[in-house]
Amino acid sequence: MIEDKLLIFRFKQGRNGTLRQIYDKYKVELLKLSVVLTGDVNTAEDIVHDVFVKFAQSAERISLTGSLKNYLVTSVINRIRNYRRDNNRHCETGLEGVEVFSSPERGPYQWAVLSEQLTLLSHALRELPYEQREVVSLRMEMDMTFRRIATLQNTSTNTVKGRYRYAMARLRSLLNGEVEK
Amino acid sequence: MRSADDIKRLFRNAELRIHPDGDERVFEDVLQARRHPMEDQPATPDSTWRTIMRSPLTKLAAAAVVVIACLIGLSFWRTTGSGIALADVLARIEQVKAYRSTTSAQFWSTKVTGEDPNKPYNFKEAHDTWLISKEYGRKSTDEELDPNGGWSKTAESYCLPPKRTYIDIWPKQKRYRRTEFDDRWAEQFQFQDSPDTLVKRILKYKYESLGRSTIDGIEVEGFRTTDPNHVIDIINRGESEIQADIKIWVDVKTQLPVRCDSTYVLFYQMENKKKYEHFVKHDFQWDVPVAAADFEPVIPEDYTGIVIKYPAHITEETAIEGLKLLVELLGKYPEKIPIEADFADVGDTVLRLAEKSETPAAMRLKEEIKGLTDKEIGNKLVDFLMPIRGLDLFYMRLQWYKKDRAYYGKIVTPKDADKVLLRWKVSDKEYRVIFGDLHAETVSPEKLAELERNLPK
């Protein structure tokens, strides 16, 4: 936490080396979160790329009192929600923006390489309603409290706990026999 | 998988490795963004064509171009070698009672600057098949590439004007959504992206003849437009500039489309990104026999769903109605609109907000839904939520059409007759403002700036 505050402080002073430190510290975590939330590695890369670009552009506005990790995680979540909302909107008018998943063919400039376990997990999570996917991913991946997730989802802690229970039950059923260790 | 611990373990073991080449490329973009911070750029970048069109001189020149374009269009009408006029193609399509078609789509992105700016990434593909009938409506099926090979169905949609209903079914999620609409909506849903709409849009702007060619052994004649205005009103996702290239190939004998190619390049200046979208409409089967049963959606019992109704017209009055209902329910304005909370339906959000409220309207609502099942509550709320859905849609449309919207429900109360609650741009010289007491006025940008300066901090 203190390390993050120091990073933000230095970054706001314009030290570009600090940007690299922040980028290296959080890129994997954010990419993984984005993969499990979108179920698609290409979209996930795009989203985290844009989050870092926006972050780099708006450094002067970031408050020293906030948590850097929370800021970046919230940025990823908001961007994914916007992406989904845009896609849903365009679904109504035809194929444009339809929720599509990537072709297995990936170009030479891929950023994230998924382990078999992560691919399995992201495929299973895709079967959950998005709100449940978000709860279980933030809880498991980001160690976020139910209260914090409730704030992010603008709902009650009880609703979040309910979503978590449903999600876990469904995941258990989906992953049954797939992974025991 | 036995327990929550197993799932936790799976999350922990699910690793992601960074590819060094891609990593350097991304960081280069990030670094470049740092060198050109947001403060140097307008908050909402206007597209080039909008900026250009603001100049009175350019407007005049553009008007001249439009006249010339009309004349060129007219000359094509009269002089294409084959004698095919695009207007005749439109008339021919309009005679068709039912047809099938397939759309294959590809999406990818590239960077605008930096190393290898034209290397594509984030490549995606999708398929969509349509069955369209003048009598019954439209059925469409969306497919995605299956990781195990082939294509798998992701969604099925039914746009049924006679029933004034639009139904989406998502088989993987076992969910559905039924939207009930009026005649105006029917028109909007039915004609988007269909070949007749495409031809109408091409006819509206500057286009050229591509001459004769052969597709699948059929002699065709092509028409093309690259006028971005062709799509400016249907694509609006925050892009700063749009390029369009639309080609339609028509069977010389039947005068019906055989293939339509549309490519859009959307520029996102802030993200240093270009997105490409390529659609090919093909496999047209004209005048196919259809039956009512083809347009009967089958929704399995175990699917869950919601019913949505929107007001007939989405206008400023719709927005005011929605705000009025929310004030009655909550005793204050909601902190943010759209009420639709990212992924939760409006109904869930309204119920959650009403739960904390003790206004007579909220108490009445709570009493009415006491003891009802989720499905019964959903049915009961269909009409009740209509004005709020209308408000959400109105506000979202302001964003889609870049109307420089702002909402101050967090700091403005129903008693604040002189404070801006909601505003949007009407023209360069005018803004429309809904005040705290829900009366509306048109003001100048200067007046708006003064009003917004006086808002509570």
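Condition check ((1) in the same structural domain as A:Leu7 (by TED's automatic domain parsing); (2) in a helix (DSSP H, G or I); (3) modelled with pLDDT of 85 or more) across all residues:
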position: A:Thr74; (1), (2), (3): yes, yes, yes
position: A:Arg79; (1), (2), (3): yes, yes, yes
position: A:Asn88; (1), (2), (3): yes, yes, no
position: A:Leu95; (1), (2), (3): yes, no, no
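On the stretch given as segment A:141-164, residues that are under 23 Å from B:Val346 (Cα atoms) and more than 10 Å from chain B (Cβ to nearest Cβ) total 12.
Could you pull out every one of the strands (runs of 3 or more DSSP E) wholly within segment B:418-457 that has 3 or more residues that are in contact with a helix residue (DSSP H, G or I) (Cβ under 7 Å, 6 or more places away or on another chain)?
Counting at least 3 such residues, we get B:420-427, B:430-435.
Residues that are under 27 Å from the mean Cα position of the chain (by Cα), within 30 Å of B:Ser213 (Cα to Cα) and touching a residue at least 12 places away in the same chain (Cβ under 8 Å) number at least 1 in the following strands (runs of 3 or more DSSP E) confined to segment B:249-355: B:257-268, B:273-286.
The set of residues in segment B:164-183 being surrounded by fewer than 20 Cβ atoms within 10 Å (Cβ to Cβ), of a type in the set (D, E, K, R) and free of Cβ contacts under 8 Å to residues at least 24 places away in the same chain consists of B:Arg164, B:Lys172, B:Asp183.
When B:Asn379 is tested against (1) touching a residue at least 60 places away in the same chain (Cβ under 8 Å); (2) part of a helix (DSSP H, G or I); (3) under 25 Å from the mean Cα position of the chain (by Cα), just one condition goes unmet, and that condition is (3).
Every residue, every condition in (1) at pLDDT below 90; (2) buried (at least 18 other Cβ atoms within 10 Å of the Cβ); (3) in a loop (DSSP other than H, G, I, E, B); (4) not acidic (Asp, Glu), yes or no:
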position: A:Leu118; (1), (2), (3), (4): yes, yes, no, yes
position: A:His123; (1), (2), (3), (4): yes, no, no, yes
position: A:Gln132; (1), (2), (3), (4): no, yes, no, yes
position: A:Val136; (1), (2), (3), (4): no, yes, no, yes
position: A:Arg139; (1), (2), (3), (4): no, yes, no, yes
position: A:Leu152; (1), (2), (3), (4): yes, yes, no, yes
position: A:Thr155; (1), (2), (3), (4): yes, yes, yes, yes
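Return the residues of segment B:256-269 that are under 19 Å from A:Glu45 (Cα atoms) and surrounded by 20 or more Cβ atoms within 10 Å (Cβ to Cβ); say none if nothing qualifies. Correct list: B:Leu266 only.
Just to be sure before I move on: is B:Val426 surrounded by 13 or more Cβ atoms within 10 Å (Cβ to Cβ), farther than 22 Å from B:Ile339 by Cβ and either β-branched (Val, Ile, Thr) or in contact with a Lys or Arg (Cβ under 8 Å, 6 or more places away or on another chain) (or both) in the structure I sent? Against the criterion (surrounded by 13 or more Cβ atoms within 10 Å (Cβ to Cβ), farther than 22 Å from B:Ile339 by Cβ and either β-branched (Val, Ile, Thr) or in contact with a Lys or Arg (Cβ under 8 Å, 6 or more places away or on another chain) (or both)), B:Val426 qualifies. Evaluating A:Glu127 against the criteria (1) within 7 Å of chain B (Cβ to nearest Cβ); (2) free of Cβ contacts under 8 Å to residues at least 12 places away in the same chain leaves one unmet condition, (2).
At pLDDT 85 or above and either farther than 26 Å from B:Lys253 by Cβ or crowded, with 16+ Cβ neighbours inside 10 Å (or both), is that true of B:Ala87? The answer is no for B:Ala87. The selection criterion, being surrounded by fewer than 21 Cβ atoms within 10 Å (Cβ to Cβ), in contact (Cβ under 8 Å) with a residue 12 or more places away in the chain and not in a strand (DSSP E or B), does not hold for B:Thr102.
Listed residues B:Ser140, B:Ser152, B:Ser194, B:Ser240; which is at pLDDT below 75, assigned by TED's automatic domain parsing to the domain that holds B:Ser104 and either among the hydroxyl-bearing types (Ser, Thr, Tyr) or within 19 Å of the chain's Cα centre (by Cα) (or both)?
Exactly one residue qualifies, and that residue is B:Ser240.
Yes or no: segment A:28-41 includes at least one residue that is within 7 Å of another protein chain (Cβ to nearest Cβ), more than 11 Å from the chain's Cα centre (by Cα) and not acidic (Asp, Glu). Checking segment A:28-41: not a single residue is within 7 Å of another protein chain (Cβ to nearest Cβ), more than 11 Å from the chain's Cα centre (by Cα) and not acidic (Asp, Glu). Filtering segment B:131-141 to residues that are part of a strand (DSSP E or B) and in contact (Cβ under 8 Å) with a residue 40 or more places away in the chain leaves B:Leu131, B:Ile132, B:Ser133, B:Gly137, B:Arg138, B:Lys139. Pairs are defined by a Cβ separation below 7 Å, a sequence spacing of at least 6 or placement on different chains, a first member in segment B:205-219 that is within 14 Å of B:Asp283 (Cβ to Cβ), and a second member that is hydrophobic (A, V, I, L, M, F, W, C) and surrounded by 13 or more Cβ atoms within 10 Å (Cβ to Cβ); the pairs so defined are B:Ile215/B:Trp249; B:Ile215/B:Val258; B:Ile218/B:Val258. The set of residues from segment A:11-59 being part of a helix (DSSP H, G or I), surrounded by fewer than 18 Cβ atoms within 10 Å (Cβ to Cβ) and among the polar types (S, T, N, Q) comprises A:Asn16, A:Gln21.
Hey, among B:Glu317, B:Glu335, B:Glu340, which residue is at pLDDT 85 or above, within 11 Å of chain A (Cβ to nearest Cβ) and over 30 Å from B:Gly217 (Cβ atoms)? Step by step, each of B:Glu317, B:Glu335, B:Glu340 is checked, and only B:Glu335 is at pLDDT 85 or above, within 11 Å of chain A (Cβ to nearest Cβ) and over 30 Å from B:Gly217 (Cβ atoms).
The values are calculated or read from the model by the stated rules, or taken from the named source; none is laboratory data. Keep in mind that this is a model prediction, so the values were computed, not measured. Backbone-built Cβ (ideal geometry, glycine too); neighbour counts: all protein chains shown.
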